[in-house]
1. If R₀ is 56 angstrom, what is the calculated FRET efficiency for the pair ASP146 and GLN227, using the beta carbon separation as r and rounding to 0.05?
2. Could you calculate the FRET efficiency of GLN336 with THR289 from 1/(1 + (r/R0)^6), where r is the beta carbon distance between them and R0 is 35 Å, rounded to 0.05?
3. In nm, give the distance between the simple-model label positions of LYS238 and ASN168, each being 7 Å from the Cα along the Cα-to-Cβ direction.
4. Which whole number of Å³ per residue matches the convex hull of the alpha-carbon atoms in segment 73-206?
5. Under 1.5 on a/c is rounded, so check that first for segment 201-357, then, if it is not, pick prolate when a/b is larger than b/c and oblate when it is not; a ≥ b ≥ c are the square roots of the alpha carbon gyration tensor eigenvalues.
6. If Lys and Arg each add +1 and Asp and Glu each add -1, what is the summed charge of the other residues whose beta carbon sits under 15 Å from the beta carbon of ASP287?
7. Please state, as a whole number in µm²/s, the translational diffusion coefficient that the Stokes-Einstein equation yields for segment 200-273 at 20 °C and 1.002 mPa s, with Rh defined as the Kirkwood radius across alpha carbon pairs.
8. Based on the mean of other beta carbon atoms within 10 Å per residue, what is the order of 322-328, 170-176, 300-306, 213-219, most packed first?
Amino acid sequence: MKNLLSVLLIGMFFIGCTQKTIVIDTQKQEVKKQEEIVQPKQEEIVEPIAEEPIVKQPIVEEDAYKKIALIYPSKVVGPYAKSTVNTISSFLLFSKQPFILETFDSFDENSQNINYQVEQLKQKGFRNVIAMYTQVGFNSLNSMYDIDDLKIYFPLINKDEVQTTNENFIFGGISYYKQLEALQSVSSQNNSMFYVDSYIGNKLKEDYIKIFGVNTNIKRIENQNNQYKYIMEDERLKESTVMLNTPIIKSSIIMSQLTAYEINPITILSTQLNYNPLLIRLTQDIDRTNFYVINSIGQSDDFIQEYCTLLESDIVYNWVDYSSLVGISYLLNGNQSDIIETKVIDNQVQYGLNFYKSTSYGFEKIDIN
């Protein structure tokens with residue numbers, strides 16, 4: 001265990017979001033000390049003694065290393081990039097294979113910046129690439145004509161969200177649309193939805209309207225200075241199914257306000273956004289009465305979870321980290337992995353749709369018929 005911690009700490013020392021290279025050789029090198037040759041005594045005839053060769057393990061050539069490039073726009077996904085590096089490193093250390101992991105920062109999703117970084121990683125011999133771009137950056141990569149020799153995994157994008165003919169593109173984004181469809185099957189006829197004005201918030205709003213219809217009660221939550229008394233006085237909230245397409249902090253406030261104003265929804269539902277134990281800590285049990293959340297993160301090996309925890313990534317509750325784990329596993333081993341249950345089919349990670357209810361200590365998986 002001490003050796004494991006030492007290796008992991010070395011990995012942590014090199015990990016960062018600026019452009020860096022991590023080179024770790026997990027093969028043990030052993031050198032046998034050359035034995036001293038006994039000098040003959042004076043006037044004594046001695047037959048020549050053949051020197052015993054020094055025994056060494058063969059030098060590991062660079063081609064024997066698993067080479068992974070991570071390209072990302074720090075201005076757009078900076079916080080996610082560091083966690084993704086930690087997740088990839090955890091998998092490679094767990095696999096006990098020598099590897100080279102290098103990051104390439106395009107700063108933003110400008111096509112010229114992306115093209116420059118792609119040329120850099122190609123010149124350095126990288127062929128397996130994890131690209132942390134939204135649809136904007138994807139469109140730039142999709143238009144490049146000289147990347148057919150690269151295998152690129154997009155952890156943030158679902159295949160249904162884009163159009164491409166490149167068979168070397170693999171997609172790892174979860175489908176919020178499918179999650180909302182599953183949640184709609186357990187909703188009532190009276191529906192209300194809260195959302196925030198952000199990229200994901202507006203996307204969820206559009207998907208929600210497509211699935212639930214335009215005649216639902218939709219409420220926008222501002223980033224600050226919300227008049228919750230006015231919001232909660234809406235009679236349509238009573239005896240309704242409330243959908244929370246809001247981040248954790250906003251969701252916890254909304255749930256506490258529903259309790260404070262004695263509004264009793266039939267159910268409170270949420271997508272992957274609120275599958276996080278932080279929500280449990282920020283709310284009371286009474287706030288989460290009849291609260292259900294859907295989750296697409298699959299099961300993984302307990303030991304890889306420990307490696308990730310040591311390197312400060314979360315493959316249990318953070319779907320981006322889990323998507324990155326699936327991606328690095330698939331790039332190197334295809335679907336032949338026994339540490340994660342999630343597979344890639346037709347260039348898209350196939351996630352499950354599982355319902356959970358909250359308890360005082362976390363989330364408990366349930367069956368909803």
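1. Numbers: r = 54 Å, r/R0 = 0.97.
For ASP146 and GLN227, the calculated efficiency is 0.55.
2. Values: r = 44 Å, r/R0 = 1.26.
Approximately 0.20, to the nearest 0.05.
3. Output for this residue pair reads 6.2 nm.
4. Values: hull volume 19.4 nm³, N = 134.
Output value, Cα hull per residue: 145 Å³.
5. Cα axes put segment 201-357 in the prolate bin.
6. +2
7. On the way: Rh = 12.9 Å.
It diffuses with D of about 166 µm²/s by this estimate.
8. On the way: 322-328: 28.6, 170-176: 22.9, 300-306: 15.3, 213-219: 13.3.
Packing proxy ranking, top to bottom: 322-328, 170-176, 300-306, 213-219.
Only the coordinates and a few stated rules stand behind these numbers; no lab work does. Treat the numbers as computed from the prediction; the structure is a model and nothing was measured. Using ideal geometry, Cβ is built from the backbone for each residue, glycine included, and neighbour counts are taken over all protein chains shown.
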